[in-house]
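Taking it in order: structure first as structure tokens, then the write-up.
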Amino acid sequence: MSGLGLKRLLPGGSWLATYAFVYVGFLYLPVVFLPIFSVNVAATPKFPLSGYTLKWYAGLPHTPELLSAAWNSLVVGVSASVLATAFGILAARAITRYRFPGRRPINGLIMAPLVLPEIIVAISMLLVMLQLGLSLSLFTVVLGHVLVCIPYSMTVLTSGFEGFDRSLEEASADLGETAFGTFRRVTLPMMTPAIISSLLVSFTISLDEFIIAFFLTGTEATLPIYIWGQLRFAAKLPGVLALGTLLLVGSFLLLSLAEILRRRAARRTQSEGGLYA
């Protein structure tokens with residue numbers, strides 16, 4: 001809707017536009033300073049800049065602790081995204097295809113991590129892991145991240161399943177294909193964009209997640225834990241700003257690709273809506 005149309009519908013349309021502009025600026029203006037200070041010659045982030053340099057970026061590949069943390073985050077992110085997407089496919093298909101007692105409460109329970117305070121979820125997960133006798137490691141971090149990522153995965157996948165043309169599956173069954181064969185040959189190919197979108201969103205959530213990893217990690221740090229540790233030393237700040245800039249750009253690219261794929265899946269299944277709509 002155009003700005004003129006908004007003003008006609010809302011007497012305070014101009015104020016609404018101003019509020020939206022101020023709100024977005026308040027949220028994202030601090031992020032803009034991250035890449036600016038990451039190329040500053042001086043280690044202190046302040047204006048005016050002392051000069052421009054890329055030495056902070058060049059030093060990142062030569063930091064063994066950083067490379068180890070990056071590898072740990074990659075392992076955790078890939079594992080959590082694959083598991084969350086696999087569970088999300090099963091849950092989204094059940095929620096959208098079948099009507100059974102407790103369907104809505106179960107759906108609400110799955111989505112609960114989106115609204116619960118994350119520190120409460122992290123402490124609860126820690127207590128459960130200790131009660132089960134599991135030692136804190138990357139495995140426990142993966143379990144925690146799967147719990148957090150499943151709601152995001154389900155949101156994306158539900159958008160694809162809701163508009164899926166069931167006549168395609170019925171035609172496959174009429175031709176003699178088994179239920180599993182129909183799911184593998186018909187359903188999954190049609191849902192591929194939504195599945196890839198779910199993988200990308202879940203990986204991004206896992207890559208940036210700090211609180212769950214802080215409580216459930218052992219001696220093997222992930223990238224957010226590594227960044228937290230480096231912030232205690234002023235001399236490490238420029239490297240942290242450079243690393244944060246790379247993570248920011250990477251997250252933006254992954255989420256943009258996920259949204260493109262989600263919209264493609266929505267068009268293929270004649271369904272709109274989902275995580276970003």
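Summary of values
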{"read-out": "Between 0 and 90°, nearest 10: helix 237-268 axis offset from the chain longest Cα axis", "value": "20"}
{"read-out": "Correct choice for Rg and Dmax of the Cα atoms in Å that was computed from the model, options [x] 21.0, 84; [y] 21.6, 76; [z] 22.4, 72", "value": "[z]"}
{"read-out": "Per-residue [θ]222 nm for the chain (sum of -39500 (n - 2.57) over DSSP H runs n ≥ 4, rounded to 500)", "value": "-23000 deg cm²/dmol"}
{"read-out": "Neighbourhood charge, 14 Å Cβ-Cβ cut-off, centred on residue 81 and excluding it, Lys, Arg +1 and Asp, Glu -1", "value": "-2"}
{"read-out": "Cα convex hull of region 73-211 - mean projected area over all directions, nm²", "value": "9.5"}
{"read-out": "Using a Förster distance of 30 Å, the FRET efficiency for residue 179-residue 260 (Cβ separation, nearest 0.05)", "value": "0.45"}
{"read-out": "Relative contact order for the chain, counting Cα pairs under 8 Å that sit 6 or more residues apart, in percent", "value": "29"}
{"read-out": "Accessible surface of residue 228 - all protein chains present, 1.4 Å probe, nearest 10 Å²", "value": "140"}
{"read-out": "Most mobile listed residue (259, 209, 220) in the chain, GNM with C-alpha springs under 10 Å", "value": "220"}
{"read-out": "Dipole of the chain, positive end: most advanced residue of 189, 14, 113 [Cβ charges, Cα centre]", "value": "14"}
{"read-out": "Whole-percent carbon and sulfur share, accessible surface of the chain, 1.4 Å", "value": "71"}
{"read-out": "Accessible solvent surface per residue of the chain, calculated while the other protein chains remain in place, 1.4 angstrom probe, Å²", "value": "58"}
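The values are calculated or read from the model by the stated rules, or taken from the named source; none is laboratory data. All of these numbers come straight from a predicted model, not from anything done at the bench. Here the Cβ is made from the backbone with ideal geometry for all residues, glycine too, and neighbour counts use every protein chain on show. Surface areas here come from the heavy atoms of the whole protein model, side chains and all, with no ligands, DNA or RNA. Shrake-Rupley method; radii C 1.70, N 1.55, O 1.52, S 1.80 Å.
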